[in-house]
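Below you'll find the structure, written out as structure tokens, and then a few comments.
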Amino acid sequence: MDDYVSRIRDDKNRKYEKVIFLDVDGVLNDESMESFNKKIYVEEVRVKRLKDIVEATQADIVMSSSWRHYFRLYNENPESIKDDYELYKMKQLKNMFDKYDLSVSDYTQYLETGPDARPLEIRQWMVDKANLRRFVILDDDDFWSWSWLSDYFVMTKRKEANYNMIRGLEDDHVQRAVKILNR
């Protein structure tokens, strides 16, 4: 009996030791009009890079993106999504996650609206996670700079010399995320 209880406790303690807080737009896509015109909302190369982070760190994915509501619905009951646009995007994401054997372990909750809500939602999610040892935030928004979370943040947006914005998960972002999660 003691072995059984110890095994359950060990499994529970392992849950959420390392976490990737995942935004989608600007991380798993480049948010370009060209991509959106082609109806590419999730780019395979970027999902593959996310898989590289998960494999190198054994981290769980917690979705902090505005996509989280529809993605959760899609996983529970795809027929409940009546908006064809959202349904199409969720189907793309789910297909890519299935292809790379990725899954979302949990979702942050909505606390308020606006981009500044995300750091608060992540903090709230972490409140009762005593086993959380490492985490990284993958996002293209720069509202993290004011927060103590900035040391755990990998921004997937940068300006080129001509001031064009480049978005999406790149190899150098993968290296930085792995370093944060495995330090």
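Throughout, read-outs are computed from the coordinates displayed, never taken from laboratory work. Since the model is a prediction, treat every value here as computed from it, not as a measurement. When we count neighbours, we look across all protein chains shown, and the Cβ atoms used for this are built from the backbone with ideal geometry, even at glycine.
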Q | 31 Å Cα-Cα threshold exceeded, pairs from Lys15/Lys39; Lys38/Lys129; Lys15/Lys179; Lys18/Lys39; Lys129/Lys179 | A | Lys15/Lys39; Lys38/Lys129; Lys18/Lys39
Q: Would you list the P(r) distribution for the chain, with all Cα-Cα distances sorted into 5 Å bins from 0 and each bin expressed as a whole %?
A: 1, 8, 15, 20, 20, 17, 10, 5, 2, 1, 0, 0, 0, 0
Q: Beyond 18 Å, what share of the Cα-Cα pairs of the range 84-142 is found? Please give it as a whole percent.
A: 54
**Q.** Packing-based ranking, highest mean first, of 47-60, 75-88, 96-109 given that Cβ atoms within 10 Å are counted
**A.** 47-60, 96-109, 75-88
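For the chain, which DSSP H helices look membrane-span-like by this rule: Cα extent along the axis of 15 Å or more and mean Kyte-Doolittle of at least -0.5?
On the way: long enough: 2-14 (18 Å, -2.18); 44-57 (20 Å, -0.38); 84-99 (22 Å, -1.34); 171-182 (16 Å, -0.59).
Span-like helices, by this rule, are 44-57.
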**Q.** Amide H partners (placed H, <5 Å) of Asp139, local residues excluded
**A.** Val154, Thr156
Q. Most fluctuating residue of Lys94, Lys159, Lys18 in a GNM of the chain with Cα springs under 10 Å: which is it?
A. Lys159
